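S.K.: Take this structure first; my questions come after.
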Amino acid sequence: MLVKANSSRFSRFASPSIPKRIARALSRSKNRAVYCLSGYFLTHQRLPRWLFAQLRRFRPIFILGPFVIVTRDDDVRSVLTRNSDFELGEFARSRMLAGRFVLDTDWPRSHAAQLSVLHTAIAETDSREIRTIAEKICQDALTKADVHVDVAALARGVSMAVVEQVHGLPGATEPDARLQGWLTELASAIILMPPPGLSERQSVEKAADGLVSYVRTAIASHPPGQTDADLLSRLLAGVDASDAPDWLDHDWVTRMACGMAIFGMATVVRTASDAMDEILSQPEAVVEGAREAALRAQTDPDPLRRTIYEALRFRPMLPVLARYSPRATLIGTRDARRRIVKAGATVWAPPLAAMHDPRAFAKPGRFVPERDPAQSLVFGAGQHACLGQSFADAALIGIVGTLLRHPSLHRLPGKVGRIRYRGAAAEQLLVGI
C-alpha cells in the first residue's frame with residue numbers, strides 16, 4: 001500500500017501536464033520580455049536613432065536573411081511608395097481586431113475605391129470643428145486646473161469629443177467611459193500589439209468585441225434622413241445610394257468607423273503628448289519661439305504646425321514602418337549600393353532614420369522649426385499614408401497651441417514631469433501651469 005501511494009504521488013508530479021505548464025509559463029515570460037523591450041524601443045528613440053545612424057553610415061541597406069533595414073531617406077521613401085513591391089497588409093491584418101480596415105488592403109483598385117468613399121465622407125468643415133473642440137476642451141481644463149494638467153488626458157478627452165461630434169458615435173463622452181476604455185486599449189495595440197497569452201492581449205480582444213458591438217448598435221439605431229450631420233451619417237448615406245458598389249454595406253461602414261476611431265485616438269494622444277514633451281525639453285529660446293508661434297496660430301497656424309512637425313521628427317509615433325516583399329525586387333538608388341530583396345522578406349523602413357538623414361535634413365540633430373512639414377514622414381507616405389492626417393493636424397494645432405498660449409506653462413521638475421507610457425501609448429504627461 002505504501003509503494004502504491006508513493007507511486008501515485010510521483011505520477012502526479014510526472015504528469016505530462018507539468019512540462020506543458022512550464023512551457024506555457026516560459027513562453028509567456030518570453031512574450032512579456034519582447035513586449036516590454038518593443039515598447040521601450042518605440043518610446044525611447046535616442047538609442048534606435050543612434051543605431052540607424054550607424055547603419056546609414058556603414059550599411060545603409062542592411063540584409064540579414066529574410067530581414068531588411070533601410071536607413072537613407074530616399075530608400076525609406078522608395079519602400080513606402082512602391083506599394084506593389086512592398087506591401088503592408090501582411091502586418092496590418094493581425095492588428096485589425098475590430099475588423100479589416102482600409103489600411104490592410106494592398107490591392108490598388110480596391111484600396112483606391114474604398115479610400116475614395118472615405119475621402120468623400122470627410123467634410124471640409126470637419127478639421128475646423130476638430131480644432132474648435134480641442135481648443136475649448138483644453139482652455140476649460142486650464143481654467144479649472146490649479147497646479148498642473150495632464151496632456152495625455154486632455155488629448156484623450158479631445159479624441160472622445162471628436163468621436164462623438166465629428167465621427168458620429170453617440171455617447172462617447174458619457175461618464176461610464178466604456179467606449180473610451182475600449183478605444184484606449186485598441187489605440188495602444190495599434191502601436192504595439194500585445195503577444196498572445198498576455199493579460200493585455202485579452203483586454204484588447206474584449207475591447208474589440210465591445211467596440212464592434214457598440215458601433216453596430218449605433219448604426220442600427222441611426223436616425224433615418226441624416227445625410228450630412230457627421231462622418232457616420234455620410235457613410236450610411238453612401239450605402240443607400242443607388243450607385244453604391246456591392247462591398248459598400250453596413251459591415252464595411254462598421255469596420256471603417258471602428259478603424260477611424262481607433263487610429264484617431266492612437267494618433268492624437270501619442271503625438272500631442274510627444275510633441276509637447278519634446279518642445280518643453282528644448283532650450284528656452286526654442287520654447288519661446290513655440291509660444292510666439294502659438295500666439296500667431298489664431299490667424300496663421302503654419303509656424304506652429306512647423307514647430308509641431310519638427311518636434312515629432314524626433315518622436316514619430318511609429319519610428320519604424322514594416323513592409324512585406326511578396327516577390328524578389330531591387331532596392332537602392334545607386335548602382336554601387338543596390339541590393340536584391342528576396343521574396344518573403346520583412347523590410348523595415350524607419351521614418352525616424354529617414355528624418356535624420358543629413359542628405360535630406362540639414363543638421364538633423366538640431367531642432368529647426370522652419371523645416372517644411374511636407375518633407376515629414378511623421379504620417380507616413382504613399383498609398384498607406386495616414387488617412388486622418390488632416391484630423392490629427394487640426395487636433396494638434398488646437399491642443400498644443402492652447403497649452404503653449406498659457407503664460408506660465410512649464411515642465412515639472414524631476415520624475416513627476418516625465419512622460420509615462422503604457423506599452424507604446426502615452427499614458428500621462430503632467431505639465432505645470
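Throughout, read-outs are computed from the coordinates displayed, never taken from laboratory work. Since this is a predicted model, take the numbers as computed values, not measurements. A quick note on method: Cβ atoms are made from the backbone with ideal geometry, for glycine too, and the neighbour counts reach across all protein chains shown.
S.K.: Could you tell me the center-to-center distance, by alpha carbons, between region 81-98 and region 303-327 in angstrom?
M.R.: Spelled out, the Cα-based centre of one part sits 17 Å from the other.
S.K.: Moving on. Taking every pair of Cα atoms in region 341-407, average 1/r, invert it to obtain the Kirkwood radius, and report Rg/Rh to two decimals. Show your work: numbers first, answer last.
M.R.: Working: Rg = 15.8 Å, Rh = 14.7 Å.
Ratio of gyration radius to Kirkwood radius for region 341-407: 1.07.
S.K.: Please give the FRET efficiency for Ala322 paired with Ser116, using the beta carbon to beta carbon distance and R0 = 22 Å, rounded to the nearest 0.05.
M.R.: Details: r = 26 Å, r/R0 = 1.19.
The pair Ala322/Ser116 has a calculated efficiency of 0.25.
S.K.: If I model a spin label at Gln298 and Arg32 as a point 7 Å from the Cα along the Cα→Cβ vector, what separation in nanometres do I get?
M.R.: So the two model labels end up 5.3 nm from each other.
S.K.: Related question: Considering only Ser84, Ala123, Thr105, whose Cα is most displaced toward the positive end of the charge dipole of region 62-141, charges sitting on Cβ of Lys, Arg (+1) and Asp, Glu (-1)?
M.R.: Thr105
S.K.: Report the calculated FRET efficiency for Lys415 and Ala25 (r = Cβ-Cβ distance, R0 = 30 Å), to the nearest 0.05. All intermediate terms of the calculation are to be shown ahead of the outcome.
M.R.: Values: r = 33 Å, r/R0 = 1.09.
My answer for the efficiency is 0.35.
S.K.: Select one label from [x] 0.98; [y] 1.02; [z] 1.11: the one whose number is Rg/Rh (Cα atoms, Kirkwood Rh) as derived from the coordinates shown.
M.R.: [y]
S.K.: Just name one of Ser29, Leu42, Gly401: the one whose Cα is farthest towards the positive end of the charge dipole of the chain (beta-carbon charges, Lys/Arg +1, Asp/Glu -1).
M.R.: Checked the options; the winner is Ser29.
S.K.: Using packing as a proxy for protection, rank 212-221, 365-374, 67-76, 96-105 so that the peptide with the highest average count of other Cβ atoms within 10 Å comes first.
M.R.: 67-76, 96-105, 212-221, 365-374
S.K.: Additional query: Residue-wise, which Karplus ³J(HN,Hα) couplings in Hz belong to region 349-363, taking 6.51 cos²θ - 1.76 cosθ + 1.60, θ = phi - 60°, and x for glycine or proline?
M.R.: 10, x, x, 4, 5, 4, 7, 10, 7, x, 6, 10, 10, 4, 6
S.K.: Counting alpha carbon pairs within less than 8 Å and at least 6 residues apart, what relative contact order, in whole percent, applies to the chain?
M.R.: Relative CO of the chain lands at 27 percent.
S.K.: Cross-link partners among lysines for Lys144, C-alpha distance below 17 Å, same-chain residues fewer than 8 apart left out?
M.R.: Lys136
S.K.: In what sequence, highest mean first, do 78-86, 269-277, 255-263, 323-331 appear when ranked by Cβ atoms within 10 angstrom? Walk me through the numbers before you get to the answer.
M.R.: Numbers: 78-86: 19.4, 269-277: 27.1, 255-263: 24.6, 323-331: 17.3.
Output ranking for 78-86, 269-277, 255-263, 323-331: 269-277, 255-263, 78-86, 323-331.
S.K.: Shifting gears a bit: How far is it, in nm, from the label point at Arg178 to the one at Ala285 when both lie 7 Å from their Cα along the line to the Cβ?
M.R.: For the pair Arg178/Ala285, the computed spacing is 5.5 nm.
S.K.: What helices does the chain hold that run 15 Å or longer along their axis, going by alpha-carbon atoms, with a Kyte-Doolittle average of 0.0 or more, using DSSP H for the helix calls? Don't skip to the answer; put the middle values down first.
M.R.: Numbers: long enough: 2-13 (17 Å, -0.28); 17-43 (39 Å, -0.09); 46-58 (18 Å, -0.40); 108-121 (20 Å, -0.08); 125-144 (29 Å, -0.69); 151-162 (16 Å, 1.65); 178-191 (21 Å, 0.69); 199-220 (32 Å, -0.16); 250-280 (45 Å, 0.53); 284-296 (18 Å, -0.04); 302-314 (19 Å, -0.57); 389-404 (22 Å, 1.47).
What comes out of the filter, once short or polar helices are dropped, is 151-162, 178-191, 250-280, 389-404.
S.K.: Ok, one more. Between Thr333 and Thr143, what is 0.36 nm times their sequence separation minus the Cα-Cα distance? Round to one decimal in nm.
M.R.: Numbers: separation 190, 0.36 × 190 = 68.40 nm, distance 5.37 nm.
Here the answer is 63.0 nm.
S.K.: Could you calculate the contour length gain from Ala374 to Asp240, that is, 0.36 nm times the residue separation minus the distance between their Cα atoms, to one decimal place in nm? Intermediate results must be reported in sequence, preceding the final value.
M.R.: Values: separation 134, 0.36 × 134 = 48.24 nm, distance 3.71 nm.
Working it through step by step, the gained length comes to 44.5 nm.
S.K.: Quick one: if the Förster radius is 35 Å, what FRET efficiency do Gln202 and His250 give, using the C-beta to C-beta distance and rounding to 0.05? Don't jump to the answer; show the numbers that get you there.
M.R.: Values: r = 28 Å, r/R0 = 0.80.
That pair, Gln202 with His250, gives E of 0.80.
S.K.: Which order do the peptides 246-253, 133-140, 200-207, 159-166 take when ranked by the mean count of other beta-carbon atoms within 10 Å per residue, highest first? Intermediate results must be reported in sequence, preceding the final value.
M.R.: Numbers: 246-253: 14.6, 133-140: 20.0, 200-207: 17.9, 159-166: 23.6.
Those peptides, ordered most packed to least, come out 159-166, 133-140, 200-207, 246-253.
S.K.: Report for region 44-432 the percent antiparallel among DSSP-assigned beta bridges with both residues inside it, nearest 5. Working shown, then result.
M.R.: Values: 20 of 23 bridges.
Bridges in region 44-432 are about 85 percent antiparallel.
S.K.: Moving to a separate point now. Over 32 Å between Cα atoms, which of Lys20/Lys342; Lys30/Lys342; Lys30/Lys415 qualify?
M.R.: On the way: Lys20/Lys342 37 Å; Lys30/Lys342 29 Å; Lys30/Lys415 29 Å.
Exceeds cut-off: Lys20/Lys342.
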